[in-house]
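Heads up, the thing below is written out as structure tokens.
The values are calculated or read from the model by the stated rules, or taken from the named source; none is laboratory data. Quick caveat: nothing in here was measured; it's all calculated off a predicted structure. Heads up, the Cβs are rebuilt from the backbone with ideal geometry, glycines too, and the neighbour counts pull from every protein chain shown. For the accessible areas, the whole protein counts, side chains as well, though only heavy atoms, and no ligand, DNA or RNA atoms are used. Shrake-Rupley method; radii C 1.70, N 1.55, O 1.52, S 1.80 Å.
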Amino acid sequence: MKVKAVGPIPPGYDAIGAKLAIGGRTASDLVAQAGKTPLFVYSRAHLDRRMAELRAALPARIGINYAVKANPHPDVIAHMETLVDGFDIASSGELVMVQAAGIDPARVSFAGPGKRDDELEAAIAAGATLNCESEGEAARSIAIGQRIGKAPRIAIRVNPDFELKGSGMKMGGGAKPFGVDAERVPALARQIIDEGAEWRGLHIFTGSQALSADAIIEAQGNVLNLAAKLSDEIGAALPKLNMGGGFGIPYFPNDEALDLAAVGRALHEYMDDLPGALIETELCLELGRYLVGEAGVYLCRIIDRKVSHGTTYLITDGGLHHQLAASGNFGTVVRRNYPVAIASHFDTEPLGSVAGDVGDAGDVVNVVGCLCTPLDRLADQALLPRADVGDLVAVFCAGAYGASASPADFLGHGPAAQMLV
Ligand SMILES: *Cc1c(COP(=O)(O)O)cnc(C)c1O
């Protein structure tokens, strides 16, 4: 039977006896506490460890912001509040979420094309920074600020002429709905300053999900140079520069983890040799999936085990309505397997990383969800320990763009439970 490899299980997940453990407790224990499957479990220990790795690798003067859209669960936001320097939001709904967590809006910046007037007003009133995406949005922000008697805090999101190479999602370079084309930034910045807004600097986001340290290092060098050049052209210092992020995590077979140490070394060198225009500028990175992606596991239960034309299906109570990305329907061209395991047999060799022809060596199965659509796949032709009805399947890398980026209403099964441990 032909086998397709599954993705790499992130470090830090151990077995207690035969069972997968998350935060020192077995998956079945956590499901019992939640009272249901499917369940997303997010691990504090993983969040803490990832932040500690970043702080150790990166220069101290570079702040770390959390991009809330990666995982807006209230307990995750509240825990990130203890770890990161700032928060990047992309809607007034996310503003409400960070305010509910008691986060000072002075630590919050709001990017995203198509901000409505009511969203701009809420952010200006709260004192959050607007990362303005167009001249029109800047004009509306200034007018709203005048109407409510509060100077808006405005940074400009730049659409740079370069992008993060190998980025999973391109968000800079050429025509884009995001940001203001670099050559138009100086005029807009001067106008913002002249009209009495509080000038907050620049936001330059070049891409997402990059695993190549070289690509990130190159993009960050380009960002610093562009920011220095724009600052000179504007004729005013940049109070702040959001340098973007784009740090990726390995999801698929053959993906290799980002070499964080290399990125850190390059950033130290950049800091030692910073363009004069940026000496006083507050610098930050904005990261989403790198902070939370590997900290989450999606657990679902096998409801049925059946064979069709010689192919074994493990049919679970989970699916793409919770974990769209694992099904291969969220921004991927070719479907590949996320890291998956049978939580009740986690001590067994991770056979699933093997690809090729395995004869009778293991149980080659298709793990699918419970939705009535052939799109609802969680793992194809995966070599896993023998699993049966009642066993739990674990899908890893579920901490970012899982619960909040999946169509939970589709087919009426309802949302998954979520838990921070
Ligand atoms: C989505 C987004 C992020 C987070 O991206 P990740 O790939 O999760 O790190 C950061 N900044 C902006 C502007 C975004 O749109």
Exercise. Assuming R0 = 41 Å, what is the FRET efficiency of residue 262 and residue 237, from their Cβ-Cβ distance, to the nearest 0.05?
Worked result: 0.85
Seminar exercise, completed: For residue 2, counting only aspartates and glutamates whose alpha-carbon sits under 13 Å away and dropping same-chain residues fewer than eight positions off, the answer is 357, 360, 363, 380
For this session: Return the single residue from 273, 259, 14 with maximal mean-square fluctuation; model: Gaussian network over the chain, springs between Cα atoms under 10 Å.
Result: 273
Exercise. What helices does the chain hold that run 15 Å or longer along their axis, going by alpha-carbon atoms, with a Kyte-Doolittle average of 0.0 or more, using DSSP H for the helix calls?
Worked result: 213-234, 260-272
Problem set entry | Net length gained if the chain between residue 184 and residue 307 were fully extended (0.36 nm per residue, minus Cα distance) | 38.2 nm
Exercise. Which of the lysines could a cross-linker bridge to residue 4, judged by Cα under 26 Å and excluding same-chain residues fewer than eight apart?
Worked result: 19, 306
For this session: Straight distance only, please: which aspartates and glutamates reach the Cα of residue 165 with their own Cα at less than 17 Å, same-chain residues fewer than 8 apart left out?
Result: 214, 218, 255, 256, 259
For this session: With a cut-off of at most 15 other beta carbons within 10 Å, and DSSP calling the residue loop, which trypsin sites (Lys or Arg not before Pro) in segment 1-84 qualify? Please list them.
Result: 36, 61
Exercise. Which percent of the accessible heavy-atom area of the chain goes to carbon and sulfur, probe 1.4 angstrom?
Worked result: 52 percent
Problem set entry | Listed residue pairs exceeding 21 Å between alpha carbons, taken from 150/176; 115/176; 115/150 | 150/176
Exercise. By the gyration tensor of its Cα atoms, with a ≥ b ≥ c the square roots of the eigenvalues, what is the shape of segment 18-130: rounded for a/c under 1.5, prolate for a/b over b/c, or oblate?
Worked result: oblate
Problem set entry | Calculated on alpha-carbon atoms, Rg and Dmax of the chain in Å | 22.9, 74
Exercise. Taking 0.36 nm per intervening residue step and subtracting the Cα-Cα distance, what contour gain separates residue 96 from residue 45 on full extension?
Worked result: 15.7 nm
Seminar exercise, completed: Between the alpha carbon centres of segment 83-149 and segment 292-337 the gap in Å comes to 36 Å
